[in-house]
Amino acid sequence: MKNNLVSLSIFSLAVCFVIGCWLISDSLSGKKNYNTKETQQQLLTKSEVAKYLGISPEEVQKLTEIPNGENSFTSEIPHIKIDKTNYYPKKAIDKWLLNTELIVIQ
């Protein structure tokens, strides 16, 4: 009885060791990415940020380019422009939302 218990314990330890090695090698190989925060997109397009904020793309455009005199614009929403296309950093949008004052219309 005692001999069988020792054998079962050694077998269980071996199975746990094999499973642990498999999980470690799988995570080191980079085949699967279990960290969802790293896989999320960091730069959003106008339509993606509109969907993220729950507003229309036209409203996003109005917040992005507010006329400020001759041939100059100001912006309410944080963005970067690459080759005439606006991209919106998700972290900056989240920070902007936290710092924006809530306006209640009654």
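The values are calculated or read from the model by the stated rules, or taken from the named source; none is laboratory data. Fair warning: this is a prediction, and the values are worked out from it, not measured in the lab. Using ideal geometry, Cβ is built from the backbone for each residue, glycine included, and neighbour counts are taken over all protein chains shown.
Annotations for the structure displayed:
- Output for the range 52-73, where each listed residue is more than 17 Å from Asp94 (Cβ to Cβ) and out of contact with any strand residue (DSSP E or B) (no Cβ under 7 Å at 6 or more places or on another chain): Ser56, Pro57, Glu58, Glu59, Gln61, Lys62, Gly69, Glu70, Asn71, Ser72
- Taking the numbered list (1) surrounded by 13 or more Cβ atoms within 10 Å (Cβ to Cβ); (2) modelled with pLDDT of 85 or more in turn, Glu65 passes all entries but (2).
- Among the residues of the range 77-92, the ones that are out of contact with any His (no Cβ under 9 Å at 6 or more places or on another chain) and surrounded by 13 or more Cβ atoms within 10 Å (Cβ to Cβ) come to 4 in all.
- Screening Tyr87 with (1) within 16 Å of the chain's Cα centre (by Cα); (2) at pLDDT 85 or above; (3) in a helix (DSSP H, G or I) gives one miss only, at (3).
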